[in-house]
Amino acid sequence: MTLLREAIGDSLRRARLAQSRTLREVSTSARVSLGYLSEVERGRKEASSELLAAICAALDVPLSRVLWDVSTIMAGADALPADTPAQTADASESERTAAAEPAEPAAEPATATMSVAGARTKIAEDTRIVIPAPKADMLVLVKSN
């Protein structure tokens, strides 16, 4: 069973790592102790709504985005079969960080366009789009032609 505080911590850690920021940088910006932020990210401490708002502001990530991410994590955990072992709280730090790090370096950014409500918008070259890696049991294989 995935605990809410663990899912929140995972989401916050992924957001921080996606920005290549340290715990110290975020804790200073959020005005929360480094140790407490670490405990929140590891799912050991329950963060208040005020603290979550401060951390999200420091990460420049809307709280609604974190909560959406958490709901996706929780829904995925609920979809696991009963005999599938859940990730334990005492998984080593290196195992969790290794899963968050990409196996290969990212490709150079490219200029792209996207369509929003019929209007085409150019995406700046320095825009980073972060797509969380799915869990292995949630992968859908698609045959290419």
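Values quoted throughout were computed directly from the atomic coordinates according to the rules given, and no laboratory measurement underlies them. This one's a predicted model, so the numbers in the text were calculated from it and none came from an experiment. Cβ placement follows ideal geometry from the backbone for every residue including glycine, while neighbour counts extend to all protein chains displayed.
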Legend entry - Sequence ranges 19-29, 4-14, 34-44, ranked by mean other-Cβ count within 10 angstrom, highest first: 4-14, 34-44, 19-29
Inset, instruction - Compute the Rg to Rh ratio over segment 18-80 from the alpha carbon atoms, using the Kirkwood formula for Rh, and round to two decimal places. - result: 1.00
Legend entry - 3J(HN,Hα) from dihedral phi, segment 13-29, Karplus parametrisation 6.51/-1.76/1.60, rounded to Hz, x for glycine, proline: 5, 4, 4, 5, 5, 4, 8, 6, 10, 8, 4, 4, 4, 5, 5, 5, 5
